[in-house]
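Colleague: If you scroll down you'll find the structure; I have some questions about it.
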Amino acid sequence: MVAQTVFADSVRLAQLGTTATVQIISSTSTAIIRWAVPEMRVGLPGTNDDALFFLTARSLGEAQFTTPIIASTTIDGRYTTPIPLGAVDGLYDIGIKTHQHLTKVLRNVPLDGTERVLNFTQQDYSVPVKGLEVLVAGDINGLMTIPSQMGDDKINAIDVTSLLAQFNVQEKYARPNLNQDGKVNALDMTIILKNFNRLGDR
Ligand SMILES: [Ca+2]
Ligand SMILES: [Ca+2]
């Protein structure tokens, strides 16, 4: 609908003899995720990989849009409802940010009004098999209610403090329970320390 409106405007401008440039905006580019896998979760592969996430797209290093909602992948790390990507057609670096993990970016994803399958377990977004790339765990500060407050894409002392605040909590889905077993404890702290000072992809 947006594309049609903009296109109609460009036609009208052409009829008026103006030289204004109007970009054609895609209203139908979407993405699904197959797969995004958190590191160091316990259990069999594909049975404990769910994560709350949002996507960000960058073009030429500049953030172009962020999906406005936080959604959850399935236990095998998929999200199969098409996610609208409100972008002008072109090549984008698309990142996934989760409630426990740094942003992981797939480079040079073409958006052209069709549906893209994003495979965050490969360096190439389009490879159709599950690879070995994982989401780096430990960014657990901030709130989880809106994308801009879901961590700060750094793993540092603030995240250690967030973990200590819930140390010994016995809840699988407690945010500092990075390995997603039954408890927040030293095993989760070990994961944070392994990734200490790491930053999300840009
Ligand atoms: Ca952090
Ligand atoms: Ca744990």
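The values are calculated or read from the model by the stated rules, or taken from the named source; none is laboratory data. Just so you know, these numbers come straight off a predicted model, no measurement behind them. Every residue, glycine among them, receives a Cβ derived from its backbone with ideal geometry; neighbour counts consider all protein chains shown.
Colleague: Of the residues that make up the stretch 121-138, is at least one within 16 Å of ligand 1 (Cβ to nearest atom) and either at pLDDT below 95 or over 14 Å from the mean Cα position of the chain (by Cα) (or both)?
Modeller: Looking for residues that are within 16 Å of ligand 1 (Cβ to nearest atom) and either at pLDDT below 95 or over 14 Å from the mean Cα position of the chain (by Cα) (or both), one finds at least one in the stretch 121-138, hence yes.
Colleague: Could you list all residues from the stretch 140-182 that are within 14 Å of residue 40 (Cα to Cα) and either within 12 Å of ligand 1 (Cβ to nearest atom) or surrounded by 18 or more Cβ atoms within 10 Å (Cβ to Cβ) (or both)?
Modeller: 176, 177, 178, 179, 180
Colleague: List the strands (runs of 3 or more DSSP E) inside the stretch 72-176, counting only whole elements, that have at least 2 residues being among the aliphatic types (A, V, I, L, M) and touching a Gly at 6+ places or on another chain (Cβ under 8 Å).
Modeller: 104-111
Colleague: A further question on this structure: Let me confirm something: among 191, 94, 140, which residue is within 16 Å of ligand 2 (Cβ to nearest atom), hydrophobic (A, V, I, L, M, F, W, C) and either touching a strand residue (DSSP E or B) at 6+ places or on another chain (Cβ under 6 Å) or assigned by TED's automatic domain parsing to the domain that holds residue 66 (or both)?
Modeller: 191
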